[in-house]
Amino acid sequence: MYADTKEAAMQLAISMWSPSVRKWIFCSFWCLVLGRTSTASAHPLVICFQDQTYDDVSVRKCRVDSRDVAGLGSRSVIWPCEESRECSDKVEKAQCSIFGFCQCPAGHVFSAGVTSCLPESAYGVACQEAVQCSHMLTGARCEAGVCTCDGDYTYVRGRCRKLVDLGQPCSEDIDCFFSHNREAVVCRDGTCDCADGFYRRSSNVCRRRVTNGELCLVHQDCDGGNLRCENQVCTTTDAAAAQTKTFRDVAIQTVDAVPSAEAHQEGPPPKVDTGTDMRPEKPDLPPATITTTSNSEGTGTAKRVQIVTKRSPKAACAKCRKFGDACVDEGVECPDVPYSVCRMGQCLCKDGYYHADGLCMAELGEYAHQESYCPKGSDFRDHRCTCPNNNFYDNNMRSCLKPAQGINTSCTQQSQCSPYGLAYCPAASPKRCTCHPYAEYDEEKQMCVEKQGHEAYCEKDADCTLANTRCTPQKTCVCQTNYFYVNERCMAASGSPCQTVADCAFDEAECTGDGESESEAEPPSEPSSDSPKRCRCKRGYLYQSDSNKCLKEAEQYEDECSVDEQCQPLLGELGQCIEGKCQCNEAVHHYKDGKCNTKIGTSGRVDINNDGNIITSNVPFCSSLSTTALDERCGKSSECFVEDGQDNVECRNSACQYSSDRPSALKVITLMLTSAAVLITGSALRDAYYA
């Protein structure tokens, strides 16, 4: 009642001021208010200095530290008014506040052009303009139509923040990176550390220690030498012990089972003046009853604390203040609206709380006086909204995610892979928890652990300790160009420098300088004094870069092979490896004088595939080859080819002819005619003699 009377008197006084007085008081008030609350609400000190026409709306521009802030978003636009009609005529839904300036309804913000009121978008919710994400402050942006934070920022307690890793300096708990659970980390003695009851699972992840029968994800979660995590529940490995409850188990169950009528009393929280800091690490709770159960085990002490909060019950009423109603006590919680704050004349939710169904609901990790203020599906533990131990915080801090079952199992967000060490959830499908390139999975530890030496993590080349390695854009150490990883070393490929043959990455290698050879087939020549030694294949071998091997060259026809190059030193450039043997492609070539040669007498085009078979051809083969080969032009005898009598064909007078030791057809005919003439002449002489 007092607050209602106070506001009515305030509105009456304002209505009696002249327009000029109202504008002067309005400007001075906001310069004071926004400057006073700059620490709590991240508003800069705003100083009004001139009227400006902005899209047919007369507004008052402001500056921050002598810099024009019109481009910082529509929150910087201050638009004086005397009644709501002046606002709504220009921008639908805009209204005149009790302090005499136009503003959008609670939970809305002016568009960049001050032409409409757009809803503020939560993290991960659709947005049209960046100003809809501006409530998350520095690091927030509208990307691909969704409000999100920059890569090095994390959304927590209503805004995007830069968090620090475990072991780094901090001022309060909220400064520390929490991976998947806000309860897991604390700022202890100025340094981020795991909270009590949590252990350091990996370099930047703290997980809760649990006992027999409690939820878990990995064996290390279970606090006890004979406990293992089976089907996400800590289970003893001793069948007999599985049926025996420890005193610690009984104590935990007793505390959880104690009913408390006071704990479920409904009503608004007491009004607390938070001053300039509206982000307390502890809840705004009245005096509480604390029940502690403890039991020592070994050198450690386990404690479970139950906080019973007393809140005054209050029946619902038509006149009770609601989210979005007007208020005058800037920076103070609005009566009847738990976890609210009066900001810019409106009852809004505090940082870390969000509006839903007329209430300010707590985000995960924030405190609440009763469970109904926590997100659906979350746990209510020690008056704090959190997720079950085998669940994970969604990036929007408003829902819990089911766990990933291990490496290579389905995931949607990075936090689900956090129990498994150096693992991540890929952005593209299939989305499964995967070890980073610089890590490998350790079955015993149930986590990805960092590799050493080759493929180790790096930021720059100097971070790579293994010789002849470099740092890739994927932040892994790999062998330099022309080096191969062999026997846990980066060793030289063919042509790369070496000191001894042991530095070469392939078999049948030698480490020699230019002109030098280790082969017994030829004595080494004197190398140049400044010539570096390099890895090469031994004589009689050739290097294949694809497989990083020295392959033996063929020594005779039909030697075994795997690539054509092995055959060509013996058979020439037309030699091929066909069906694993060095030979000539007899469809278009023939073997003569130790080489593969093109068949002279073939005309047209012939296409051969990798197996040596003819793909296309317009060459007349068969008998035509043996008839047209003779008398074709040639450069050497090996080019001449006939199907029969190949050894009797030679290149003579630049034409393919039979060899000189084989009588030509003309000679045979001449001889036959001469013989016939002799026989005829002899016969005639004989007849004449006896006549």
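The values are calculated or read from the model by the stated rules, or taken from the named source; none is laboratory data. Just so it is clear, the model here is predicted, and its values are computed rather than measured. In this analysis, Cβ positions are derived from the backbone assuming ideal geometry, glycine residues included, and neighbour counts consider all displayed protein chains. SASA here: full protein model, heavy atoms, side chains in, ligands and nucleic acids out. Shrake-Rupley method; radii C 1.70, N 1.55, O 1.52, S 1.80 Å.
Hey, which of the strands (runs of 3 or more DSSP E) in region 318-358, taking only ones fully inside, have at least 3 residues that are among the hydrophobic types (A, V, I, L, M, F, W, C) and modelled with pLDDT under 90?
On the way: elements: 340-343, 346-349, 353-356.
Ranges flagged: none.
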By residue number, the members of region 406-435 that are farther than 25 Å from ASN231 by Cβ and in contact (Cβ under 8 Å) with a residue 24 or more places away in the chain are LEU422
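Do you know which of the residues in region 404-422 that are open to solvent by 20 Å² or more (accessible area, probe 1.4 Å) and part of a loop (DSSP other than H, G, I, E, B) is nearest to TYR199 (Cα to Cα)? Steps first, answer last, please.
Let us first name the residues in region 404-422 that are open to solvent by 20 Å² or more (accessible area, probe 1.4 Å), namely 405, 407-410, 412-414, 422.
Now restrict to residues that are part of a loop (DSSP other than H, G, I, E, B): 405, 407-409, 412-413, 422.
On the way: GLN405: 20, ILE407: 21, ASN408: 24, THR409: 24, THR412: 25, GLN413: 22, LEU422: 17 Å.
Taking the candidates together, the pick is LEU422.
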For region 177-202 the number of residues that are free of Cβ contacts under 8 Å to residues at least 60 places away in the same chain, under 22 Å from TYR153 (Cβ atoms) and hydroxyl-bearing (Ser, Thr, Tyr) is 1
Here the residues within region 205-229 that are without any contact (Cβ under 8 Å) to a residue 40 or more places away in the chain and buried (at least 20 other Cβ atoms within 10 Å of the Cβ) are ARG209, ASN212, CYS222, ASP223, LEU227, CYS229
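Hey, any hits in region 427-441 for a residue that's more than 24 Å from the chain's Cα centre (by Cα) and either over 15 Å from ILE407 (Cβ atoms) or open to solvent by 70 Å² or more (accessible area, probe 1.4 Å) (or both)?
Filtering region 427-441 for residues more than 24 Å from the chain's Cα centre (by Cα) gives none.
Within region 427-441, not a single residue is more than 24 Å from the chain's Cα centre (by Cα) and either over 15 Å from ILE407 (Cβ atoms) or open to solvent by 70 Å² or more (accessible area, probe 1.4 Å) (or both).
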Residue check, ARG470 open to solvent by 50 Å² or more (accessible area, probe 1.4 Å) and out of contact with any helix residue (DSSP H, G or I) (no Cβ under 6 Å at 6 or more places or on another chain) = no
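With SER429, SER378 as the choices, which residue is under 21 Å from THR148 (Cβ atoms) and small (Gly, Ala, Ser)? Don't jump to the end; show me each part of the working.
On the way: SER378 fails: under 21 Å from THR148 (Cβ atoms).
That would be SER429, the only listed residue that is under 21 Å from THR148 (Cβ atoms) and small (Gly, Ala, Ser).
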Scanning region 466-509 for residues that are of a type in the set (D, E, K, R) and under 26 Å from the mean Cα position of the chain (by Cα), the one farthest from LYS552 (Cα to Cα) turns out to be LYS475
